[in-house]
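Enquirer: Before we start, here is the structure in question, set down as structure tokens.
Derivation of every value follows stated rules applied to the coordinates shown; laboratory data play no part. For clarity, every value in this text was computed on a predicted model and none was experimentally measured. Cβ sites come from the backbone with ideal geometry, for glycine too, and all protein chains shown count toward neighbours.
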Amino acid sequence: MKRKIIEIDEEKCNGCGNCIPSCPEGALQIIDGKARLISDLFCDGLGACIGSCPQDAIKIVEREAEPYNERKTMENIIKKGRNTIIAHLKHLHEHGETEYLKEALELLKEKDIEIDPSEIFEVPCCPGMKIVDRREEDEEIETDVKIKSQLRQWPIQLHLVNPNAPYFKKADLLVAADCTAFTYGNFHNDFIKGKTLVIACPKLDSGIDRYIEKIKQIVENNNINTITVAIMEVPCCSGLLKIVEEGVEKSNKKVPIKKIIISLKGEILEESWL
């Protein structure tokens with residue numbers, strides 16, 4: 001079957017092992033000095049390991065792979081002890097994998113292994129799925145203030161744009177993660193104004209390789225001035241920066257790239273040229 005699963009770039013991987021603790025499913029091991037995916041059966045394709053890799057050597061791809069098997073994964077996890085079991089259950093819960101979580105709990109019950117539900121459902125393990133409720137701390141919003149749209153072109157989704165569209169010619173390009181515009185209040189005036197925009201989600205969108213190729217074509221064909229990459233602080237969002245960097249590298253063009261990281265509270269955490 002075709003499904004999402006991680007892929008490791010062996011040339012980039014330095015065997016540091018940071019990804020291993022982030023994969024309670026046990027799908028990764030360090031073998032011959034490199035991180036290896038030891039079994040398709042154990043990889044759920046959710047990408048908890050991506051944010052732990054300092055080399056950006058891990059990404060999610062869609063390919064033919066054996067179906068993920070929760071019961072076989074749990075058999076492997078149980079051998080590693082209670083802490084690994086809890087980490088895996090939290091992982092499933094925070095990603096909304098209710099069916100897999102149900103299977104895992106049923107297997108634990110069959111084996112008379114007791115887990116306190118509060119250890120699973122109260123502490124999130126993935127920053128990207130963390131529940132944040134800021135309603136009580138929000139200041140009153142002025143509803144009479146109207147912000148003019150700074151969007152100058154259509155379409156904006158990276159899969160849909162034509163890399164030869166005239167609005168890319170000598171443009172300052174903004175590549176934004178989907179969530180950024182909803183999180184940063186003055187997104188139009190601070191980020192879109194004067195730029196050509198494309199949006200994408202490195203975690204949920206399919207066809208990441210096509211994204212890289214699309215960036216390559218845009219840069220090759222249009223004498224792009226600069227590229228600004230706006231991403232969220234969550235680990236999975238960093239994949240968008242990697243997509244842009246790979247696309248620019250393949251284009252054999254030198255284009256200045258600015259990275260902007262936005263917090264879950266809508267604040268700029270980092271703004272730097274690479």
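Enquirer: Go through Leu241, Gly266, Thr196 and say which Cα lies farthest out towards the positive end of the charge dipole of the range 166-273; charges sit on Cβ, +1 for Lys and Arg, -1 for Asp and Glu.
Expert: Thr196
Enquirer: Considering the values [x] 37, 24, 15; [y] 27, 22, 17; [z] 40, 35, 21, which represents semi-axes √(5λ) of the Cα gyration tensor in Å as calculated for the structure under consideration?
Expert: After the calculation, the listed value that fits is [x].
Enquirer: In addition: Out of residues 5 or more away from Leu28 or on other chains, whose amide H comes under 5 Å of its own, with H placed 1.01 Å from N in the peptide plane?
Expert: Correct list: Ile38.
Enquirer: Check cross-link reach from Lys254 to the lysines: straight Cα distance under 26 Å, and skip same-chain residues fewer than eight apart.
Expert: Straight-line reach from Lys254, under 26 Å: Lys12, Lys59, Lys169, Lys170, Lys193, Lys195, Lys214, Lys216, Lys242.
Enquirer: For the chain, which span is the longest to avoid every loop-located (per DSSP) member of GluC sites (Glu not before Pro) having at most 10 other Cβ atoms inside 10 Å? Let's see the in-between values first.
Expert: Details: sites that count: Glu11, Glu114, Glu122, Glu136, Glu137, Glu139, Glu140, Glu142.
In short, 143-274.
Enquirer: Taking only the alpha carbons of the range 2-128, what extent do you get along each of the three principal axes, in Å, biggest first?
Expert: Computed over the Cα atoms, the extents are 43, 28, 27 Å.
Enquirer: Then there is this: Based on C-alpha coordinates, I'd like the Rg and Dmax of the range 178-218, in Å.
Expert: Over the range 178-218's Cα set, Rg and Dmax evaluate to 12.3, 31 Å.
Enquirer: Build a GNM of the chain with springs between Cα atoms under 10 Å: which of Pro117, Pro235, Pro21 gets the top mean-square fluctuation?
Expert: Taking springs between Cα atoms under 10 Å, the residue moving most is Pro117.
Enquirer: Just to compare against my own numbers: the Cα pair-distance distribution for the range 166-273, 10 Å bins, whole % per bin, please.
Expert: Pair shares across the bins are 16, 51, 31, 3.
Enquirer: Enumerate the residues in the range 9-37 having an amide nitrogen under 14 Å from the point lying 7 Å beyond the Cα of Asp56 toward its Cβ.
Expert: Residues 9, 12-13 fall inside that zone.
Enquirer: Please list, in order along the range 159-167, the HN-Hα scalar couplings obtained from phi with the Karplus expression 6.51 cos²θ - 1.76 cosθ + 1.60 (θ = phi - 60°), rounded to whole Hz, x for Gly and Pro.
Expert: Result, ordered by residue: 5, 8, 5, 8, x, 9, 4, x, 6 Hz.
Enquirer: Let me ask something additional. Along the Cα→Cβ direction, 7 angstrom out, place labels at Lys34 and Leu151. What is the inter-label distance in nm?
Expert: Simple spin-label model gives 4.3 nm for this pair.
Enquirer: Mind ranking 46-53, 183-190 by how tightly packed they are, going by the mean number of other C-beta atoms within 10 angstrom, highest first?
Expert: Details: 46-53: 22.9, 183-190: 15.2.
Descending mean neighbour count gives 46-53, 183-190.
Enquirer: FRET efficiency for Lys193 and Lys253, Cβ-Cβ distance as r, R0 = 35 Å, nearest 0.05? Please list the in-between numbers first.
Expert: Details: r = 24 Å, r/R0 = 0.70.
Computed FRET efficiency for Lys193 and Lys253: 0.90.
Enquirer: Using modelled backbone amide H atoms (1.01 Å from N, in-plane), which distant-in-sequence or interchain residues come within less than 5 Å of Gly45's amide H?
Expert: Distant-sequence amide H within range of Gly45: Ile6.
Enquirer: Enumerate by residue number the trypsin sites (Lys or Arg not before Pro) in the range 148-211 meeting two conditions: DSSP loop (anything except H, G, I, E, B), and at most 10 other Cβ atoms within 10 Å of the site's Cβ. Provide the component values of the computation, followed by the final result.
Expert: Numbers: sites: Lys148, Arg152, Lys169, Lys170, Lys193, Lys195, Lys203, Arg210; in loops: Lys148, Arg152, Lys169, Lys170, Lys193, Lys195, Lys203.
Here the trypsin sites (Lys or Arg not before Pro) that fit, given the DSSP loop and packing criteria, are Lys148, Lys170.
Enquirer: Take every DSSP beta bridge whose two residues both sit in the chain, then give the antiparallel share in percent to the nearest 5.
Expert: Working: 16 of 33 bridges.
The antiparallel fraction comes to roughly 50 percent.
Enquirer: Give the long-range amide H neighbours of Thr228: residues separated by 5 or more places, or on another chain, with amide H under 5 Å away, using H modelled in the peptide plane at 1.01 Å from N.
Expert: Those lying under 5 Å, H to H, from Thr228 are Leu173, Leu174, Val175, Lys258.
Enquirer: Moving on to the next point. Helix 82-94: angle to the longest alpha-carbon principal axis of the chain, degrees 0 to 90, nearest 10?
Expert: 40 degrees
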